[in-house]
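Structure provided below as structure tokens; questions to follow.
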Amino acid sequence: MTTSLKKALLVLGLALIAVPLSACNDTASSVVVTNGYGDAVVQKVWWNQTLILGAIDPGATSAAQRAVPGSDFAYALISLGWPPDPQSGPIALRSMQQLSAARGAELAIDVFDTTFAGNCAATTGLDEETARFITERIFPGDFAGGTYDAAGCETIPTPDGGSD
């Protein structure tokens with residue numbers, strides 16, 4: 001094999017590797033969270049395999065996080081103040097509708113009473129099944145040592161502290 005043929009094959013090989021890698025970067029989806037509350041802090045949000053950690057102050061927007069394209073409900077935890085009061089625990093929320101992001105698009109999630117259910121002070125609370133899903137599957141560590149009361153939007157501490 002001649003030197004010029006080796007060089008041509010090397011250049012072709014590098015080009016074939018570089019094209020798919022650059023295409024992945026051009027089609028990445030992302031998600032940002034805006035806190036629409038005037039008196040609550042968004043602690044964290046989960047949407048379709050993406051966790052956005054707070055604290056997101058009222059009126060503030062999170063940094064963009066890389067996300068997998070798809071459609072799903074968003075789940076959030078808010079607190080009335082920061083740092084959160086350990087006696088009251090976080091308030092569990094779920095978006096009223098499924099939210100979608102296409103490949104390469106940015107999904108903007110506005111956490112507020114008109115877009116999320118679960119804040120008993122402003123909207124109806126969550127049904128027990130949804131509240132249990134959020135507190136046991138999405139954010140289990142945040143509700144350890146207590147039971148979430150969906151009707152009252154509060155965590156009721158377990159008398160023994162949750163130990164077995």
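Given C-alpha coordinates of the range 66-122, what is the ratio Rg to Rh with the Kirkwood estimate of Rh?
1.05
Suppose we look only past 19 Å in the calculated P(r) of the range 28-157. What percent of the Cα-Cα pairs does that tail hold?
Working: 3660 of 8385 pairs.
For the range 28-157, the fraction of Cα-Cα distances above 19 Å is 44 percent.
Determine, from the Cβ-Cβ distance of ALA122 and GLN87 and an R0 of 22 Å, the FRET efficiency 1/(1 + (r/R0)^6), rounded to the nearest 0.05. Display every interim value, and only then the final one.
Values: r = 21 Å, r/R0 = 0.97.
Between ALA122 and GLN87 the formula returns 0.55.
A follow-up question, please. For the range 28-157, what is the percent of antiparallel DSSP beta bridges, rounded to the nearest 5?
Working: 28 of 34 bridges.
So the antiparallel bridges in the range 28-157 amount to around 80 percent.
Values in this text are rule-based calculations from the coordinates and carry no lab data. Only a predicted model underlies this, so the values are computations on that prediction, with no experimental measurement involved. Virtual Cβ from ideal backbone geometry, glycine too; neighbours counted across all protein chains shown.
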